[in-house]
Structure formats: C-alpha cells, structure tokens
Amino acid sequence: MHKPAILLIYTGGTIGMVKDFETGALKAFNFNQLLERIPELQLLDCTIDTYSFEEPIDSSDMSPEHWVKMAEVIEKNYHLFDGFVVLHGSDTMSYTASALSFMLKNLSKPVILTGSQLPIGDLRTDAKENLITAIQIASLQENKQPVIKEVGLYFEYKLYRGNRTTKISAEHFNAFTSPNMPHLAESGVHLKVNHHLLSNFYTSNQLIIHKTLETNVFILKIFPGITQNVLNAILNIPNLKGLVLETFGSGNAPTEFWFINALQKAIQKGIKIVNVTQCWGGSVDMGKYETGTALKQIGVISGYDITTEAAITKLMFLLPQDLNPNEFANAFQTAICGELNLMN
C-alpha cells in the first residue's frame, strides 16, 4: 500500500530550536534526527524526508530571495512527494504563505506552513502538535489524490488558507487569524476538514514557478496628521513601482487636495496604488463614502478584503508582468488563488 510521501522543509524559526544545556542558548537542531526527537512521527501514515536551509533564516530576515529558494525546492521535488510542510518563523509566515500561493502556479498538492511560539525542545512547546498535525494534513488523501491542493498555514489546531492569514499575537499560541475567511480544517479529537471551503484553483497539473518579484514597493498606513512632506517623500522614492495604502474603515482616506493630488500624480507616473483596510476584518468599498470615492476616481485600485500581507506580495508578483493600467487593475482585483473576495 502506497504511503503518502511528505517533504519537510526547514527554513528557520523558533520551531527548529533546542536549548543548549551548557550555555542555555537556543540553537537549530539537526533535522536529520527528527524521528529521534519526535518518535510520534513514526505513527503517522506517511513517509517523511527532510530538507534544511544551510543557514536557518530568522523570519525577520525573510526576503523574496528566500521565497524563490523555497519554491525551487518544491519544484525540484514536486514529482517525488505528495505534500510539503514548510517550517518557518511565525513573524513573517503570512507574507511567505501569501507569496508562495502566487508563485506556485498550477499547484495541485498541499504546501503547509507551520511554526511555533516556543522551541521544539521546550517543555511547554506548541511545536510538536503544530508539526505533527501539519504533516498529517499534508498527507490527507481521497482516492489517491491530495485533499488540500493549495498553500495553507497551520497553527494552534486550525488550518487556514495561507494568503488569508495575519499574525495577531506574539504571546498566545493561537497567534494567527484569518479575518475574512473561515478556517479550512480544525484539529480536535478528530481532524475536521471543511471540504466546501477547499478549492482547486487550477485545471493543469503542470507546476509553473514564478521567480521574478518586484521589491520596489511600499506599505503606507494612513493616520490622522499625516503630512504632505511625508506623503511626497514616500511617493518620490526612486524606482517606486507599487504602494499598498492602508486606509481607514471601508477604504477611507483624507480628502484634502494635496493628498489626492499627490496620489493622482503618482498614478500618472505609473505607480500602482492599492487600497486595503487597516481593520482586521471587512472589505474596502470605495463607493460607500465620499472619502473613498475620491480615491476611486483617480485610479486607486480596491483590494476588497485582501490582507496587507497578500496585497504586498501580489503587487510584487504582478508588477513584473507587462500589463497596462486597466489590465493590472483587473488582474489585482481577480482572485488568483482565493486571496480576495469581490464583496461589493
């Protein structure tokens, strides 16, 4: 009987750390000894191989170059394994999950990111449960086909669509939420999968990796008192290609002439500006209030209910493509892999 084969990719982060008994410092452990560390993994109905980055990456140092490396590891091993689990620091995990969801076109196998708030060697660690269940989810099959066919993020008993997540706590084990979409699965006494939420985004099984990402982008959170000098300084950053504008409520921003005029000039220069809400949940509706309508009229693109993490990585993904302004706006406002919902 064929057992699903899972590749465990360790990139860095707290989950892969153990305490040095002599110094008390945390250090990365050898993932080749994973089964010795966590013998419970042998009870899973799958085979597990491991791949580790030569130098573990703290998630604060995560970059698009590392995302490309992860995608290449998956590409190289795609036909050898039935699923992939990526161990990653939690601080930037939502950015990585979002980026990979766009970069892995025609994905038809699970790529599950997970991590932990405490090191794997800690007595009270959340690492073992997160790791074991992430592997179990990646190995789920029906009729010899993977149940999950997308990039997911598993943390504290819940599997989320990766590009719908955001980190909300540096203190609690339930560190992530998916504000505008229910979780895909939940681990309790039984592993409950919400099959009606699962999507097969692609009709082709030919995996295509998008490795070119534009990093000349910026996230600007609007706040009461933002000045003309600050806005102009940001919009005049050399080679700036795209801006995610975090606005109030349902997409509202100041209506003062200097503010709208500066954004309009930037758009006319070719800078793509996307409007997302600062709120945890909800959607941008630029026709709801006059303060949002002004943005719509000058060509600011609505991000609807997309997260900031997905918005900035989708900008990076779309900008290198040769799209005119209308094509770009349409592409951004079209769900590629479940990252947004056109709610209005």
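A short reminder: the numbers here are calculations on the coordinates, not readings from a lab. Everything numeric in this text was worked out from a predicted model, so none of it was measured. Cβ placement follows ideal geometry from the backbone for every residue including glycine, while neighbour counts extend to all protein chains displayed.
Determine the percent antiparallel among the DSSP beta bridges restricted to the chain, to the nearest 5.
40 percent
What is the set of long-range amide H partners of ILE48 at a cut-off below 5 Å, with H atoms built 1.01 Å from backbone N?
Under 5 Å from the amide H of ILE48: ILE6.
Tell me, what ³J(HN,Hα) does each residue in the range 144-160 have, in order and in whole Hz, if you take phi through Karplus 6.51 cos²θ - 1.76 cosθ + 1.60 with θ = phi - 60° and put x for Gly and Pro?
6, 10, x, 6, 9, 10, 7, 8, x, 10, 10, 7, 6, 6, 10, 9, 10
Give the label of the value calculated from the structure for Rg and Dmax of the Cα atoms in Å, choosing from (i) 19.7, 61; (ii) 20.8, 64; (iii) 20.9, 69.
Working out Rg and Dmax of the Cα atoms in Å from the coordinates points to (iii).
Between HIS210, HIS172, HIS190, where does the largest GNM mean-square fluctuation fall for the chain, given springs only between Cα atoms within less than 10 Å?
Greatest mean-square fluctuation among the candidates belongs to HIS190.
Hey, what number do you get for the chain at 222 nm if only DSSP H runs of n ≥ 4 count, each worth -39500 (n - 2.57), divided across all residues, to the nearest 500?
Value at 222 nm, helices only, nearest 500: -7500 deg cm²/dmol.
5 Å is the cut-off here: which amide hydrogens, built 1.01 Å from N in the peptide plane, fall below it relative to ASP126, excluding neighbours closer than 5 in sequence?
So ASP126 has HN proximity to GLN117, LEU118.
Under 10 Å, Cα contacts only: if you run a Gaussian network model on the chain, which one of THR227, THR308, THR92 comes out with the highest mean-square fluctuation?
THR227
If you plug each phi of the range 7-17 into the Karplus form 6.51 cos²θ - 1.76 cosθ + 1.60 with θ = phi - 60°, what whole-Hz ³J(HN,Hα) values come out, in order, with x for Gly and Pro?
For the range 7-17, the Karplus-derived couplings read 9, 9, 10, 9, 9, x, x, 4, 4, x, 9 Hz, x marking Gly and Pro.
To the nearest 0.05, what FRET efficiency results for SER60 and GLU36 with a Förster distance of 30 Å applied to their C-beta separation?
0.50
Kindly provide the trypsin sites (Lys or Arg not before Pro) of the range 93-157 that DSSP labels as loop, not H, G, I, E or B, and whose Cβ sees at most 10 other Cβ atoms within 10 Å.
ARG124, LYS144
Give the longest segment of the chain that steers clear of GluC sites (Glu not before Pro) in DSSP loops with at most 12 neighbouring Cβ atoms within 10 Å, not counting the sites themselves.
55-170
Using +1 on the beta carbon of Lys and Arg, -1 on that of Asp and Glu, and nothing else charged, what's the dipole of the chain about the Cα centre, debye to 20?
I would put it at about 740 debye.
From the square roots a ≥ b ≥ c of the eigenvalues of the alpha-carbon gyration tensor of the range 217-332, which class results: rounded (a/c under 1.5), prolate (a/b over b/c), or oblate?
rounded
Between LYS192 and HIS172, 0.36 nm times their residue separation minus their Cα-Cα distance comes to what?
Additional length available on full extension: 4.9 nm.
With the contact rule set at Cα under 8 Å and sequence spacing of 6 or more, what percent relative contact order holds for the chain?
15 percent
Which of the lysines could a cross-linker bridge to LYS69, judged by Cα under 19 Å and excluding same-chain residues fewer than eight apart?
Partners within reach: LYS105, LYS109, LYS211, LYS314.
Regarding the range 33-95, what is the average projected area of its C-alpha convex hull, in nm²?
Mean projected area of the Cα convex hull: 5.3 nm².
Could you size up the charge dipole of the range 5-209 around its Cα centre, putting +1 on the beta carbon of Lys and Arg and -1 on that of Asp and Glu, and report it in debye to the nearest 20?
Dipole magnitude for the range 5-209 comes out near 660 debye.
What list of ³J(HN,Hα) values in whole Hz, one per residue of the range 51-58 in order, does the Karplus curve 6.51 cos²θ - 1.76 cosθ + 1.60 (θ = phi - 60°) give from phi, with Gly and Pro shown as x?
Whole-Hz 3J(HN,Hα) from phi for the range 51-58: 9, 10, 4, 4, 10, x, 9, 5.
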